[in-house]
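The values are calculated or read from the model by the stated rules, or taken from the named source; none is laboratory data. On a predicted model such as this, the values are computed, not experimentally measured, just so you know. For neighbour counting, all protein chains shown are included, and Cβ atoms are generated from backbone atoms with ideal geometry for every residue, glycine included.
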Amino acid sequence: MSEIHFASFIPAPWSRVASTARGGVGARLPRRLTQVALATGDAGAFALAYLVLMPFSTLIGGPNFARIAILLATAVIVLHASARLYPGYRLQPCEQLRRRVLATCKVAAIAAFAAILLTERPQLALAVVAFLALGLIGQPFMHWVAMQACRRLGLWGERAVILAGPNRAPTLIDYFTRNWQHGLRPVPAGAPDTPGSTAACIAVIADETLLTTADLATARRHFSEIVLLADTPYFKVAGLRPADIDGQFGLRLATGEQRPESALARRAADLAIAIPAALVSAPFLLLAAAAIYLVDPGPVFFRQPREGLAGRTIRVLKVRTMYRDAEQRLEALLATDAAARAEWSTHFKLKQDPRILPVVGHLLRSTSLDELPQLVNVIAGDMGIVGPRPFPEYHLNAMNAEFRHRRRSVIPGLTGLWQISERSDADLELQRQLDEFYIDNRSPWFDGHIVLRTIPAIFRRSGA
């Protein structure tokens, strides 16, 4: 096949799709409704199992059986959700089966443990086993009913642009159209946009042409997600074997997009950390406020406008660690000291900063305690515990438009990767590298690692 230029696959209509797909509740709503429908279908299977056994409730334990039934049904739904089976898009059928079997085995282990505890109530133990068996038998049928309902309502699947050569694209479009349960609604490259559509638009790349860095940057701006298609029964696409990539239909290239289902868990974790931390830190901040007022009387706390999620302006709360005429002091120094100007243009901070209050200001900044009031911003939802730091406008102006767009795609944080790696010793290019790595790879485990590393980084007091 002759070489195909990637840019030719991204006509103007898809930029309109992307502007809708990359944000907004409307783009996520069909997926969330599908998740709810599938979970409801699974719950319905266990509700039917309970109705079948209910005539025997007086013999098998009454209220105790009802409580155990609810526990088991909830465990099934939670385990299926944790295995990302709601909705389970783009998983190979064998991978779907593997995840379902593992989830079933875990629930069976819970049921076995419950039966062991109920050895003195053999009727109840038998009822638990019967309930689980009936529920698991009915679950695939109810799951299929929920999938069909979502499909008929137009909720099922995500729009996917098939980026492939003229010989491959029609075959792949036909395959994913017939096998709709895979969750891809394929459209050819260059197809006109559907008026009013808010469904996510994915780029599925199935071509031998090696993508350059510029190609990927272009694709990121135009599509909500990029997938390099693995080998299929019809084509050896790229030598990627689905078994080696967690049973997925393709390799998901990093876009920095947060999974909608993780937003609630991330918010809960932020509040679980921020509220206790704010209560513990309050006495220390009051002592610091008193010390600041003694050195330089005036307002101790202040709010500074910063750029938040989606470019929204947020008011970041800080402890004042500088003289009230700090800006005039800085301008006077930069006007007369070339070395200070060079340091400022590289790091936007000075090691010998005339603006900082003696002793108390240096102590607060070197330990980053001046940032603790931003726990209020975390509680308010303007920031998270972990994320790219919200920089002042003069710092952002030194960044190019693409990097600023990437940073706006996630909520800013109280701490971040470059704070635990280099802190303010990092120049602008290294800050960009660290922030982009975090955005591309963010996860609850990565956030936990950063939180744990933040504490020793503060005590080292280096690079603050």
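If the Cβ limit is 9 Å and pairs must be 6+ apart or interchain, which residue in region 136-162 that is on the phi > 0 side of the Ramachandran plot pairs with which residue that is surrounded by fewer than 21 Cβ atoms within 10 Å (Cβ to Cβ) and assigned to a strand (DSSP E or B)?
G157/R185
Being charged (D, E, K, R), outside any loop (DSSP other than H, G, I, E, B) and at pLDDT 85 or above is the filter here, so list the residues in region 44-94 that pass it.
none
Could we say that R28 is modelled with pLDDT under 80, in a helix (DSSP H, G or I) and under 27 Å from V227 (Cα atoms) here?
yes
Quick check on region 145-198: of everything there that is among the β-branched types (V, I, T) and in the same structural domain as L228 (by TED's automatic domain parsing), which residue is modelled with the lowest pLDDT?
For region 145-198, the residue satisfying everything is T198.
Please verify whether A269 is at pLDDT 70 or above, buried (at least 17 other Cβ atoms within 10 Å of the Cβ) and either within 19 Å of the chain's Cα centre (by Cα) or small (G, A, S) (or both), treating the condition exactly as stated.
yes
Looking at A103 and the list (1) part of a helix (DSSP H, G or I); (2) without any contact (Cβ under 8 Å) to a residue 24 or more places away in the chain; (3) under 23 Å from D246 (Cα atoms), which single condition is not satisfied?
A103 satisfies all of (1) part of a helix (DSSP H, G or I); (2) without any contact (Cβ under 8 Å) to a residue 24 or more places away in the chain; (3) under 23 Å from D246 (Cα atoms) except (2).
If you scan region 309-337, which residues turn out to be touching an Asp or Glu at 6+ places or on another chain (Cβ under 9 Å), surrounded by 16 or more Cβ atoms within 10 Å (Cβ to Cβ) and not in a helix (DSSP H, G or I)?
I314, V316, K318, V319, R320, T321, M322, Y323
Quick one: would you say L364 is outside the structural domain of T415 (by TED's automatic domain parsing) and crowded, with 16+ Cβ neighbours inside 10 Å?
In short, no.
Suppose the filter is closer than 24 Å to L396 by Cβ, surrounded by 13 or more Cβ atoms within 10 Å (Cβ to Cβ) and not assigned by TED's automatic domain parsing to the domain that holds Q431; does R306 pass it?
Judged against the criteria, R306 is not a match.
Might you let me know whether region 152-172 holds any residue that is of a type in the set (V, I, T), surrounded by 15 or more Cβ atoms within 10 Å (Cβ to Cβ) and out of contact with any Phe, Trp or Tyr (no Cβ under 9 Å at 6 or more places or on another chain)?
No, that holds for no residue.
Answer with yes or no whether A125 is assigned to a helix (DSSP H, G or I), buried (at least 21 other Cβ atoms within 10 Å of the Cβ) and modelled with pLDDT under 80.
Answer is yes for this residue.
So how many residues does region 338-356 have that are part of a loop (DSSP other than H, G, I, E, B) and either on the phi > 0 side of the Ramachandran plot or among the basic types (K, R) (or both)?
4
Being buried (at least 16 other Cβ atoms within 10 Å of the Cβ) and outside any loop (DSSP other than H, G, I, E, B) is the filter here, so list the residues in region 292-302 that pass it.
I292 - this is the single residue of region 292-302 that is buried (at least 16 other Cβ atoms within 10 Å of the Cβ) and outside any loop (DSSP other than H, G, I, E, B).
Only residues that are free of Cβ contacts under 8 Å to residues at least 60 places away in the same chain and either closer than 30 Å to A111 by Cα or not in a helix (DSSP H, G or I) (or both): list them for region 165-190, please.
P166, N179, R185, P186, V187, P188 - these are the residues of region 165-190 that are free of Cβ contacts under 8 Å to residues at least 60 places away in the same chain and either closer than 30 Å to A111 by Cα or not in a helix (DSSP H, G or I) (or both).
How many residues are over 23 Å from R408 (Cα atoms) and in contact with a strand residue (DSSP E or B) (Cβ under 8 Å, 6 or more places away or on another chain) if we restrict to region 279-322?
11
Looking only at region 293-317, count how many residues are free of Cβ contacts under 8 Å to residues at least 60 places away in the same chain and within 14 Å of A380 (Cβ to Cβ).
Qualifying residue count for the region: 3.
So, of the residues in region 383-401 that are assigned to a loop (DSSP other than H, G, I, E, B) and of a type in the set (G, A, S), which turns out to be modelled with the highest pLDDT?
So, considering only residues that are assigned to a loop (DSSP other than H, G, I, E, B) and of a type in the set (G, A, S), the one modelled with the highest pLDDT is G387.
Could you look through region 371-386, keep only residues that are without any contact (Cβ under 8 Å) to a residue 60 or more places away in the chain and in contact with a Leu (Cβ under 8 Å, 6 or more places away or on another chain), and pick out the one that is surrounded by the fewest Cβ atoms within 10 Å (Cβ to Cβ)?
The extreme case among them is E371.
With among the small types (G, A, S), within 28 Å of I455 (Cα to Cα) and crowded, with 18+ Cβ neighbours inside 10 Å as the only criterion, which of A263, A340, A288 stands out?
The conditions single out A288.
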